[in-house]
Structures are given as structure tokens and as C-alpha cells.
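Since the structure comes first, as C-alpha cells, the remarks are kept for the end.
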Amino acid sequence: MAFLRSLVFYPLFYGFSAVLVVASVLAIPLGRDQLKKIVALWGRWHHWCVERILGIQILQHGSIPDEPVLIAVKHESFFEAIDMPRLFSFPTVFAKRELFLIPGWGFSARVYGLVPVARDKGARALREMIATARLRISEGRPLVIFPEGTRVAHGQQPPLQSGFAGIYKLLGLPVVPIAVNSGPTYHRLIKHPGTITYQVGETIPAGLPREEMERRVHQAINVLNEQSSMPENGLPAGA
């Protein structure tokens with residue numbers, strides 16, 4: 001059954017996604033509001049496909065602020081990256097620079113306001129990221145970052161990328177850590193029914209020493225790796 005669900009999911013989700021990429025490029029001359037609507041539709045379409053086709057329930061424990069804060073999210077699969085436009089009204093996501101090379105998608109992503117991350121380009125790249133991030137803050141948007149830098153298997157708890165501390169210090173924003181356990185169901189070619197949970201951690205204030213901030217973020221985003229199950233009173237994501 002999981003094989004059949006995945007067989008339906010891939011052409012349906014990615015096929016319509018290709019249509020939305022073209023639509024996003026065509027919408028750019030009409031203004032950012034039109035682009036926002038298409039990106040939001042993409043997130044909702046993915047959510048529908050995940051729940052209705054793959055049979056994966058999405059739960060959320062805690063409220064996620066939709067304002068200028070630094071949202072640090074555990075990264076176990078593509079699920080949480082694609083889901084961000086649904087969780088937030090207008091998020092700015094730090095994304096690998098290589099993604100901006102995707103035809104159509106990369107152009108729309110820049111106009112939408114994503115922040116390219118080039119970890120191997122040194123201080124100059126960091127300054128460019130901070131300048132772009134501050135512009136997005138002035139627009140009242142939350143900044144979403146995956147502090148581990150790449151996807152990791154469920155249960156793994158690698159140290160945070162060093163650049164995350166620099167971004168935290170230079171932006172001077174509080175951090176909202178979010179754990180997510182998408183790996184067991186979504187991070188594989190054949191996806192499996194089950195539950196993906198978002199666990200929103202306690203807000204971490206700005207200005208903390210690096211060691212304390214990293215310890216608190218690391219602990220919070222990995223909390224679902226340390227628990228075998230979540231309480232039964234979870235709310236549907238976005239509720």
C-alpha cells in the first residue's frame with residue numbers, strides 16, 4: 001500500500017508543482033502579492049497530498065509565531081522545507097545557494113525573498129546574508145533556518161553549523177526552536193503512513209552567550225528524537 005501511495009504522490013505533487021513554478025514566474029510582473037498566493041497554494045497542495053495520498057497525519061504542539069523572529073527547525077526531510085509556506089503567511093527561508101540554480105524556481109525564490117546560503121564563501125557571503133535578512137525583518141517576516149545545515153536521519157543529533165551562531169548574534173533576534181520528526185515517514189523513496197509532529201520549544205532570547213544559545217537550540221530541536229511518543233492531545237498543524 002505504501003508503494004502505491006508513493007506511486008500516486010510523486011507525479012501528482014511534482015506535476016502540479018511544475019505548473020505552479022511556471023505560474024510563479026508569470027506572476028512576478030503582477031507583484032509580490034500574487035507570487036505569495038501561488039507559493040502559499042504550493043504549500044497547501046503539498047499538505048493535502050501528504051495527508052490524503054500518503055496517509056501521513058500532521059500534528060503541531062505549541063504556537064508558531066508569524067513575526068520577525070529566528071525560527072530554528074530540525075531538518076530530517078524535504079517535508080518541513082516544503083511545508084514552511086503553509087505554516088507561515090510570508091516566511092523568509094535560508095536555503096542552499098545551489099537551489100537557486102533550479103530553472104524558474106530559483107528566480108521566483110529570489111523575488112519571493114528567500115536568503116541564499118553559501119557556506120564556503122566566507123565573511124563576504126555572511127555579510128550578504130545578513131543584509132538580505134535585515135531587509136526581510138523590516139518587512140515584518142519570520143526568518144526560518146535549518147541550523148544543522150542539511151538533512152539528517154531521524155535520531156541523529158549533529159552539532160549546529162557554526163554560521164548559525166553568527167546569524168543569531170548579528171541579527172539580534174530571539175530564536176524559536178522547532179523539532180520535527182518527518183524522517184521515519186517522509187525521508188525515503190517509498191513514503192509511509194504515520195504521523196509527523198511539530199514540537200515548538202520555548203523562545204530563546206537574543207543576546208545569550210554562544211554556548212548557552214547553541215545548547216538550548218540543540219536540545220529543543222532534538223526533543224522528538226529523545227521521546228518514543230508524543231501526548232495524545234496534539235492539534236492538527238496550523239490549528
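The values are calculated or read from the model by the stated rules, or taken from the named source; none is laboratory data. Note that this is a predicted model, so its numbers are computed, not measured. Please note: Cβ atoms are built from the backbone with ideal geometry, for glycine as well, and neighbour counts cover all protein chains shown. Ligands, DNA and RNA are stripped out before the accessible areas are found, and what is left, the full protein with its side chains, is counted by its heavy atoms. Shrake-Rupley method; radii C 1.70, N 1.55, O 1.52, S 1.80 Å.
Of the residues Q156, Q34, Q219, the one that moves most in a GNM of the chain with alpha-carbon contacts below 10 Å is Q156. Note on the chain: with charges restricted to the Cβ of Lys and Arg (+1) and Asp and Glu (-1), its dipole about the Cα centre is near 700 debye.
Accessible area per residue was computed with a 1.4 Å probe on protein heavy atoms; E67 scores about 100 Å². For the chain, the fraction of alpha-carbon pairs lying more than 34 Å apart is 12 percent, rounded to a whole number. Sum -39500 (n - 2.57) across every DSSP H segment of at least 4 residues in the chain, then divide by the residue count to get the 222 nm mean residue ellipticity, nearest 500. My calculation for the chain gives -14000 deg cm²/dmol from helical runs alone.
Evaluating 6.51 cos²θ - 1.76 cosθ + 1.60 at θ = phi - 60° for every residue in region 99-105, the Karplus couplings come out as 5, 6, 8, 5, x, x, 4 Hz, glycine and proline recorded as x.
Placing unit charges on the Cβ atoms of the charged side chains and taking the dipole of the chain about its Cα centre, the candidate lying farthest along the positive direction among L135, S77, G201 is L135. Of T150, T197, the order by accessible heavy-atom surface (1.4 Å probe, DNA, RNA and ligands excluded), from most exposed downward, is T150, T197. Under a Gaussian network description of the chain, with springs only between Cα atoms under 10 Å, the residue in G106, G122, G166 that fluctuates furthest is G122. Relative contact order for the chain: 28 percent, from Cα pairs under 8 Å spaced at least 6 residues apart, divided by residue count. Across the protein chains, with a 1.4 Å probe defining accessible surface, the residues W42, W48 rank W48, W42 from largest area downward.
Remark: accessible surface ordering of D83, D120, D66, D33 (largest first) is D120, D33, D66, D83, probe radius 1.4 Å. The convex hull around the C-alpha trace of region 64-180, projected and averaged over every direction, spans 7.0 square nanometres. Each Cα pair under 8 Å and six or more residues apart adds its separation to the average, and for region 66-131 the resulting relative contact order is 25 percent.
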